[in-house]
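*Asks:* Quick one: the structure is below, and I'll ask about it shortly.
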Amino acid sequence: MSLILLGLSAQLGTHAVGEKCKIVNLGVILDFTPDEIYQFMEFLQRLPYTSRYNFIIYEWRLLDNKTFADFLRSRGELIPFFSYPQLLPVDERMAYLDHYLHEFKRMVGVYPNGSFMFQPDTFSVQYMRGKYGLKYVAGYCFDQLLIDHMSMLGGWQAPYYSNESNVLLPSQIGRGVVVFPHVTWDWIGRYKDHHYNLHPQNAYLALGRDKQKALIYMERLASETLASLEPFGYIAVTFEFKHLGMNYGLLDMAQKYFHWLISESGGTLMTFSETADWFMKAYPSNPEYLITFTSPSTSQTITWLFNKHVRIAIVDGRVVSLIDYTKQQPDPFLRAAASLDPLKPPTRKNVIDTSLKSDIDLLSGKQPPFLHFYNPYLPLFLLFYIVILTSLHLFQLGYHE
């Protein structure tokens, strides 16, 4: 019960009088060849001007073109991409990171403030923090299961300070490396189809390859999340320019989408670095998040609570997900390398799995629909907790208006 009371007092302190901050992180993975630079520059130059893009460097040869590298620096932040570092032994992991970070400095002139990994690796994050002053890691895929040989159930898709022993865990004390998602997923629809998110190609597939329906869906998902997430609104959008843009014939749709995000979403565009700096100034430790969200894909409503102790989800008065962050193990690849065969499909054994342990998991499909609790009274407490917090939040919104 003390944990609940602590969380309740924290929630009471999160709502300040005044307009809520709403942050938009907008990025592109630069996965095209040097011969295709002009197509990317044309795409960007047709959009309303901003210098707050996140440019994820996947194709390193692009930085050999000094004119293009200077253009990127003038329009946003450059961020190195690291792929599956968990597959390397620790000594090779360090050499891999050192090589590309030194290359980054040679080409850009400074070491980066952050890095991008679809599946953040705790060892790599802490190594880069200690040696290169890493502030953040971006790329986490919310509750991903058996996709692209990666599973990472249990994290969070808004900024949080990570634990030194496991990047998916929130820090229990003070600050840490800030974790950002790859994109923002539909808070409940993603469990029906993981394509329900703010990625242009993913939404296009989820909505029957209908560009107009995909645009409407993404705008609704973005608007609902920015409005409903407390204590501040936050969304992330990142897509692969060539692989999941050009190759799908989606650049026209992506351009309309980016135009809306920049000019009409109502959010403040920030780079990952700017967001990390803002977050560190605003919060000396992990804040408590609360969102009650109605999905534009399924029309279902879900309530999520996240703090440094727990992550809870409730649907129709039922606890459908519960993760106790205080009872988790270190990252399994903190000292050992992962093993998989990329030529075979992902399975429970052929995958890099950094998932956290759940007490209740009726969403992901990983666990059968039975419940296990450390405390038999916990579901009642949690339900009471969520109802009280939601009521307080609604009351305070009305009071502030």
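The values are calculated or read from the model by the stated rules, or taken from the named source; none is laboratory data. Since we're looking at a predicted model, the values are computed, not measured. For neighbour counting, all protein chains shown are included, and Cβ atoms are generated from backbone atoms with ideal geometry for every residue, glycine included.
*Asks:* Just to check your reading of the model, which residue among Tyr283, Tyr234, Tyr289 is closer than 14 Å to Asn25 by Cα and either more than 17 Å from the chain's Cα centre (by Cα) or of a type outside the set (Gly, Ala, Ser) (or both)? It would help to see each step written out before you state the result.
*Replies:* Details: Tyr283 fails: closer than 14 Å to Asn25 by Cα; Tyr289 fails: closer than 14 Å to Asn25 by Cα.
The conditions single out Tyr234.
*Asks:* Follow-up question, since we're still on this one. All but one of (1) closer than 30 Å to Asn307 by Cβ; (2) within 16 Å of the chain's Cα centre (by Cα) hold for Glu240, so report the exception by its number.
*Replies:* That leaves (1) as the condition not met.
*Asks:* For region 62-144, list the helices (runs of 4 or more DSSP H) that sit wholly inside it and hold at least 2 residues that are surrounded by 20 or more Cβ atoms within 10 Å (Cβ to Cβ) and in contact with an Asp or Glu (Cβ under 8 Å, 6 or more places away or on another chain); which are they? Spell out how you get there, then give the answer.
*Replies:* Values: elements: 66-75, 90-108, 122-132.
Qualifying helices (runs of 4 or more DSSP H): 122-132.
*Asks:* Which ones in region 173-192 are more than 22 Å from Ser228 (Cα to Cα) and either buried (at least 19 other Cβ atoms within 10 Å of the Cβ) or of a type in the set (D, E, K, R) (or both)?
*Replies:* Quick first cut of region 173-192, residues more than 22 Å from Ser228 (Cα to Cα) only: 173-177.
Arg175, Gly176, Val177, listed by residue number.
*Asks:* Take the conditions modelled with pLDDT under 95, within 27 Å of Ser83 (Cα to Cα) and not hydroxyl-bearing (Ser, Thr, Tyr) and apply them to Pro346. Does it pass?
*Replies:* Values: modelled with pLDDT under 95: yes; within 27 Å of Ser83 (Cα to Cα): yes; not hydroxyl-bearing (Ser, Thr, Tyr): yes.
Judged against the criteria, Pro346 is a match.
*Asks:* Residues of region 284-310 being out of contact with any helix residue (DSSP H, G or I) (no Cβ under 6 Å at 6 or more places or on another chain), farther than 30 Å from Ile216 by Cβ and crowded, with 18+ Cβ neighbours inside 10 Å, which ones?
*Replies:* Asn286, Pro287, Lys308, Val310, listed by residue number.
*Asks:* How many of the residues making up region 193-217 are small (Gly, Ala, Ser) and surrounded by fewer than 19 Cβ atoms within 10 Å (Cβ to Cβ)? Break it down stepwise before answering.
*Replies:* So the first thing to find is which residues in region 193-217 are small (Gly, Ala, Ser), and the list is 203, 206, 208, 214.
Keeping just the survivors that are surrounded by fewer than 19 Cβ atoms within 10 Å (Cβ to Cβ) gives 208.
Residues flagged as small (Gly, Ala, Ser) and surrounded by fewer than 19 Cβ atoms within 10 Å (Cβ to Cβ) within region 193-217 amount to 1.
*Asks:* Which residues, counting only those in region 44-61, are assigned to a helix (DSSP H, G or I) and either over 22 Å from Gly139 (Cβ atoms) or in contact with a strand residue (DSSP E or B) (Cβ under 6 Å, 6 or more places away or on another chain) (or both)?
*Replies:* Pass one, region 44-61, residues assigned to a helix (DSSP H, G or I): 44-45, 60-61.
Of everything in region 44-61, just one residue is assigned to a helix (DSSP H, G or I) and either over 22 Å from Gly139 (Cβ atoms) or in contact with a strand residue (DSSP E or B) (Cβ under 6 Å, 6 or more places away or on another chain) (or both), namely Gln45.
Per-residue answers, yes or no, for (1) touching a residue at least 24 places away in the same chain (Cβ under 8 Å); (2) touching a Phe, Trp or Tyr at 6+ places or on another chain (Cβ under 6 Å); (3) under 26 Å from Trp187 (Cα atoms); (4) outside any loop (DSSP other than H, G, I, E, B):
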residue: Ala313; (1), (2), (3), (4): yes, yes, yes, yes
residue: Ser321; (1), (2), (3), (4): yes, no, yes, yes
residue: Leu334; (1), (2), (3), (4): yes, yes, no, no
residue: Ser339; (1), (2), (3), (4): yes, no, no, no
residue: Leu343; (1), (2), (3), (4): no, no, no, no
residue: Pro346; (1), (2), (3), (4): yes, no, yes, no
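*Asks:* Quick one: what pairs do we get from region 263-292, first residue within 18 Å of Ile173 (Cβ to Cβ), second hydroxyl-bearing (Ser, Thr, Tyr) and part of a loop (DSSP other than H, G, I, E, B), C-beta under 8 Å, 6+ apart or different chains?
*Replies:* Cβ pairs passing all conditions: Ser285/Ser171; Asn286/Ser171; Pro287/Thr14; Glu288/Thr14.
*Asks:* Now for a separate question. Using the structure shown, decide if Val167 is of a type in the set (A, V, I, L, M), at pLDDT 95 or above, surrounded by 22 or more Cβ atoms within 10 Å (Cβ to Cβ) and assigned to a loop (DSSP other than H, G, I, E, B).
*Replies:* Numbers: of a type in the set (A, V, I, L, M): yes; at pLDDT 95 or above: yes; surrounded by 22 or more Cβ atoms within 10 Å (Cβ to Cβ): yes; assigned to a loop (DSSP other than H, G, I, E, B): yes.
For Val167, the condition - of a type in the set (A, V, I, L, M), at pLDDT 95 or above, surrounded by 22 or more Cβ atoms within 10 Å (Cβ to Cβ) and assigned to a loop (DSSP other than H, G, I, E, B) - is met.
*Asks:* I need the full set of residues from region 254-273 which are part of a helix (DSSP H, G or I), buried (at least 20 other Cβ atoms within 10 Å of the Cβ) and touching a Gly at 6+ places or on another chain (Cβ under 9 Å), in order please. Reasoning before the result, please.
*Replies:* Of the residues in region 254-273, the ones part of a helix (DSSP H, G or I) are 254-263, 272-273.
Pick out the ones that are also buried (at least 20 other Cβ atoms within 10 Å of the Cβ) and you get 254, 257-258, 261, 272.
Residues satisfying the conditions are Ala254, Leu261, Phe272.
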